[in-house]
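> Before anything else, here's the structure in question.
The values are calculated or read from the model by the stated rules, or taken from the named source; none is laboratory data. The model shown is predicted, which means the values in this text are computed figures rather than measured ones. Here the Cβ is made from the backbone with ideal geometry for all residues, glycine too, and neighbour counts use every protein chain on show.
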Number of protein chains: 2
Amino acid sequence: MLNTTMQSLGAAPSAIRTLFAYGAERKKVIGADKVFDYSIGNPSVPAPEEVGSALVELGQADPVAIHAYTQAAGDPDIRQRIADSLNRQHGTSYDASNLYLTCGAAAAISISLKAIIEPGDEIIVISPYFPEYRVWIETHGARIVEVPARLDNFEIDLPALEAAITAHTKAVIINTPNNPVGVVYSLENLQGLASVLTRKSEQNGRPIFLIADEPYRELVYGGREVPWVPSIYDNTIVCYSWSKCLSLPGERIGYVLVPPTATEHVALTQAVSGAGRALGFICAPALFQRIIERCVDLPADIATYERNRQILCDILDEFGYTYIEPQGAFYLWVKALEDDAQAFSDKAKEHELLLVPSDSFGVGGWVRLGYCIAEETIRNSREAFGALKRDYE
Amino acid sequence: MLNTTMQSLGAAPSAIRTLFAYGAERKKVIGADKVFDYSIGNPSVPAPEEVGSALVELGQADPVAIHAYTQAAGDPDIRQRIADSLNRQHGTSYDASNLYLTCGAAAAISISLKAIIEPGDEIIVISPYFPEYRVWIETHGARIVEVPARLDNFEIDLPALEAAITAHTKAVIINTPNNPVGVVYSLENLQGLASVLTRKSEQNGRPIFLIADEPYRELVYGGREVPWVPSIYDNTIVCYSWSKCLSLPGERIGYVLVPPTATEHVALTQAVSGAGRALGFICAPALFQRIIERCVDLPADIATYERNRQILCDILDEFGYTYIEPQGAFYLWVKALEDDAQAFSDKAKEHELLLVPSDSFGVGGWVRLGYCIAEETIRNSREAFGALKRDYE
């Protein structure tokens, strides 16, 4: 009587959400300061002051103007303002028509996939990958194809990717800076990817799209540059969110960028707009469109995450854990101390450490630690990491 | 290379949006006061003062707490607050677990349909109906079945509905107070509907769901009561939005209510949650969840719409137009002066009157006038209605 696939998706929330919910309950029982919750990417850095002052200002403005429907793609002047900001950063020449504002990056990716997928299509992801990619790909009728990242540096394994591409490949999804590993793909790696996709698109006689999921773009360490993907590969669709850089995860504001370099970009823009309509999105929240108008050029506060990262790395080093040193985002990818990541995560729970097992990211044997949490929580978790290590000695 | 259905949906926006966009351009050319734009349901009544003061207050609150992810279904305390409000109004006993907050009613309907539709299903709508119903029904894989409303009072034609139900009928969508006609279904009509659906559900051996799309619930005239549909039919799913009653259309905040009376309501709740996840909704905008927490019990300001309605009815009476006197919502359903509603709408445009032709609502020969606009615009449109009438004499 129901759609059983939907029921299953609702009955078994993602491993991340499950652990997060466990943590919320556990904190009620033993106290919030006793649970070391590394489960979710909920930024600990406060939104910039400008967000609060914009709310105060908008609360005194004409409500009819502020809260009205905008165009489905978002207010055109605000989209132009965002395009101008991108153009200043990347030397591009986008305008309002290239942007479709969304309820965050999740909506942006779901809408982009819906816009391009036809029956029989395949979508490639680089594993480990954000688990919801599978949900959206399968919901919109395509088959997910997993290509493991290079084991040495977790960049894209280009020969493996090329071997996985078939005549049915419609798109590749990448995420850099990467959740869950924290790697930032190098310019060289992305140029190699562009070369493979260009060659294979020609062979297929139709474009293979590159969906660049970029919510962590501004969160990079050591002065690294994140290459601007549409300037490397023409058929890139950028899916962005201000959730992480402005610490607004609950507010659902982001965009799809269809660059004018994309093949038939007008038709693609129409398909994005049609997909948004078909799925039940009317417009991105109007008030937060106006907040972004005021805050689009603010820098992200990465100092806190950089400090957290160092403290956590020091703890992991002290006890001899193996991990990938993150170049960006706010996740650490740590080798589980047994093959079964779920069993390791369960063992960690006994020490009140909430670590997401890697299985739902498409690989075994690791856990993900989100370090966008209070510095004190990280410091206080030191003994728990020591005790967990001793369990395996 | 793209999903051609999505491209078509994006290339040909709804008739309402097309006329609205025409109006925006036309106002730039001849001045906003010269265009009589009855195209869209964008409330002219300002949001209550309490919304503005809540924004000012929240702009000074802890941003980490305010803007964080909530549970996918929404903050549980806020959901309980909404349930309490419903319980006070309707004598029900809902709790937080019965509510799933959404990005407005559009998302609520799309998610509800996705939650229940399986291949081969049919969804019944009462024509004239909100055009996007067709888009969501077909997107999620069902067939739309149109049952014309009774011609005398635009209530549900129960014998016609019963005849249209098959073994494949999964749900019926109703909208009361109704867009576009303005009718409020009587208790008797709804009880008759419940009786038909109960009998047919038994015959089919599975429930036929009733999706009650209720964004206009509070907007009724002459002290009318809008019956609470879940108290009449157990397998009702309520899709609600605060867009109209609190004048927040751009902010995208509403809910799906799965009442505990629904068959297998726990599984249905899971399917709703799974559908939200599958389509790319993460949570309803967090800040507006908090606004609703503060404003859920505020009355809607219907005096303005009641006055607008009277002024417009007087104008239509003066020139001898035929129309359905609205009992609720803020739309007037007016008989076109020729069989071809699109041609009539085009003729009206020559007098700067923007009236939505009825074809996209599934019937010919009428136009919809949204009177949620400035009173002065309605008054100033008098001569244009006179001139349009004379064109047909």
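> For the range B:23-37, enumerate the residues that are in contact with a Ser or Thr (Cβ under 8 Å, 6 or more places away or on another chain) and crowded, with 18+ Cβ neighbours inside 10 Å.
So the first thing to find is which residues in the range B:23-37 are in contact with a Ser or Thr (Cβ under 8 Å, 6 or more places away or on another chain), and the list is B:23, B:33, B:36-37.
Selection gives B:G23, B:F36, B:D37.
> Can you name the residue in the range A:353-376 that is among the aromatic types (F, W, Y) and outside any loop (DSSP other than H, G, I, E, B) and, of all such residues, is farthest from A:V145 (Cα to Cα)?
Within the range A:353-376, the first condition is being among the aromatic types (F, W, Y), and the residues that meet it are A:361, A:366, A:371.
Okay, now just the ones that are also outside any loop (DSSP other than H, G, I, E, B), so A:361, A:366.
Details: A:F361: 13, A:W366: 21 Å.
Among them, the one singled out is A:W366.
> Another question about this same structure. Can you confirm whether A:P76 is surrounded by fewer than 19 Cβ atoms within 10 Å (Cβ to Cβ), within 18 Å of A:I292 (Cβ to Cβ) and facing chain B (nearest Cβ under 8 Å)?
Spelling it out, it is not the case that A:P76 is surrounded by fewer than 19 Cβ atoms within 10 Å (Cβ to Cβ), within 18 Å of A:I292 (Cβ to Cβ) and facing chain B (nearest Cβ under 8 Å).
> When the range A:321-352 is examined, which residues are found to be of a type in the set (A, V, I, L, M, F, W, C), outside any strand (DSSP E or B) and buried (at least 23 other Cβ atoms within 10 Å of the Cβ)?
Answer for the range A:321-352, where residues must be of a type in the set (A, V, I, L, M, F, W, C), outside any strand (DSSP E or B) and buried (at least 23 other Cβ atoms within 10 Å of the Cβ): A:A329, A:F330, A:A336, A:A341, A:F344, A:A348.
> Shifting gears a bit: For B:K244, work out the one condition from (1) part of a loop (DSSP other than H, G, I, E, B); (2) at pLDDT 95 or above; (3) surrounded by 24 or more Cβ atoms within 10 Å (Cβ to Cβ); (4) not acidic (D, E) it doesn't fulfil.
All conditions are met except number (2).
> Taking A:L355 as the residue in question, decide whether it is over 25 Å from A:K34 (Cβ atoms), touching a Leu at 6+ places or on another chain (Cβ under 7 Å) and crowded, with 23+ Cβ neighbours inside 10 Å.
On the way: over 25 Å from A:K34 (Cβ atoms): no; touching a Leu at 6+ places or on another chain (Cβ under 7 Å): yes; crowded, with 23+ Cβ neighbours inside 10 Å: yes.
No, not satisfied.
> Is it fair to say A:T176 is surrounded by fewer than 21 Cβ atoms within 10 Å (Cβ to Cβ) and among the hydroxyl-bearing types (S, T, Y)?
In short, no.
> Filter the range B:45-69 down to the residues that are touching a residue at least 24 places away in the same chain (Cβ under 8 Å) and more than 7 Å from chain A (Cβ to nearest Cβ) and list them by number.
B:V45, B:P48, B:E50, B:A54, B:I66, listed by residue number.
> What residue, among those in the range A:226-237 that are in contact with a Ser or Thr (Cβ under 9 Å, 6 or more places away or on another chain) and either of a type in the set (V, I, T) or within 10 Å of chain B (Cβ to nearest Cβ) (or both), is farthest from A:N175 (Cα to Cα)?
In this case the residue turns out to be A:N235.
> Which one is nearest to A:W136 (Cα to Cα), of the residues in the range B:293-306 that are in a loop (DSSP other than H, G, I, E, B) and not aliphatic (A, V, I, L, M)? Working first, answer last.
Residues of the range B:293-306 that are in a loop (DSSP other than H, G, I, E, B), as a first pass: B:296-302.
Now drop any that are not not aliphatic (A, V, I, L, M), which leaves B:297, B:299, B:301.
On the way: B:D297: 37, B:P299: 39, B:D301: 40 Å.
Going through the qualifying residues, I end up with B:D297.
> Among the listed residues B:R277, B:R290, B:R379, B:R309, identify the single one that is in a helix (DSSP H, G or I), outside the structural domain of B:G223 (by TED's automatic domain parsing) and more than 17 Å from B:I40 (Cα to Cα).
Numbers: B:R277 fails: outside the structural domain of B:G223 (by TED's automatic domain parsing); B:R290 fails: outside the structural domain of B:G223 (by TED's automatic domain parsing); B:R309 fails: more than 17 Å from B:I40 (Cα to Cα).
Being in a helix (DSSP H, G or I), outside the structural domain of B:G223 (by TED's automatic domain parsing) and more than 17 Å from B:I40 (Cα to Cα) holds for just one of B:R277, B:R290, B:R379, B:R309, which is B:R379.
> Something else about it: Residues in the range B:84-97: is at least one in the same structural domain as B:A160 (by TED's automatic domain parsing) and buried (at least 24 other Cβ atoms within 10 Å of the Cβ)?
Looking for residues that are in the same structural domain as B:A160 (by TED's automatic domain parsing) and buried (at least 24 other Cβ atoms within 10 Å of the Cβ), one finds none in the range B:84-97, hence no.
> Further, regarding this structure: Determine the pairs where a residue that is without any contact (Cβ under 8 Å) to a residue 12 or more places away in the chain, located within the range B:264-276, has a partner that is assigned to a helix (DSSP H, G or I) with Cβ atoms under 7 Å apart, the partner being 6 or more residues away or on another chain.
Close Cβ pairs satisfying both conditions: B:A267/A:Q7; B:Q270/A:Q7; B:Q270/A:G10; B:Q270/A:A11.
> Then there's this: How many of the residues making up the range B:261-289 are within 16 Å of B:A105 (Cβ to Cβ) and among the small types (G, A, S)? Before the answer, list the steps.
First, pick out the residues of the range B:261-289 that are within 16 Å of B:A105 (Cβ to Cβ): B:272, B:275-276, B:279, B:281, B:284-285, B:288-289.
From the residues that got through so far, the ones that are among the small types (G, A, S) too are B:275-276, B:284.
Looking only at that region, the number is 3.
> Can I ask one more? Can you name the condition, by its number, that B:N42 falls short on among (1) within 30 Å of B:I378 (Cβ to Cβ); (2) modelled with pLDDT of 95 or more; (3) in contact with a Cys (Cβ under 9 Å, 6 or more places away or on another chain); (4) within 7 Å of chain A (Cβ to nearest Cβ)?
B:N42 satisfies every listed condition except (2).
> Let me ask you something else. Just to check your reading of the model, which residue among B:A167, B:A142, B:A163 is surrounded by 20 or more Cβ atoms within 10 Å (Cβ to Cβ) and among the small types (G, A, S)?
Matching residue, one of B:A167, B:A142, B:A163: B:A142.
> Enumerate the helices (runs of 4 or more DSSP H) found wholly within the range A:1-113, keeping only those where 3 or more residues are more than 27 Å from B:G104 (Cα to Cα).
Of the helices (runs of 4 or more DSSP H) lying wholly inside the range A:1-113, those with at least 3 residues that are more than 27 Å from B:G104 (Cα to Cα) span A:15-30, A:76-90.
> Continuing with this model, one more query. Residues that are exposed (fewer than 15 other Cβ atoms within 10 Å of the Cβ) and assigned by TED's automatic domain parsing to the domain that holds B:G192: does the range B:116-123 have at least one?
Yes, because at least one residue in the range B:116-123 is exposed (fewer than 15 other Cβ atoms within 10 Å of the Cβ) and assigned by TED's automatic domain parsing to the domain that holds B:G192.
> Is there a residue in the range B:283-291 that is within 14 Å of another protein chain (Cβ to nearest Cβ), without any contact (Cβ under 8 Å) to a residue 12 or more places away in the chain and within 30 Å of B:P207 (Cα to Cα)?
Looking for residues that are within 14 Å of another protein chain (Cβ to nearest Cβ), without any contact (Cβ under 8 Å) to a residue 12 or more places away in the chain and within 30 Å of B:P207 (Cα to Cα), one finds none in the range B:283-291, hence no.
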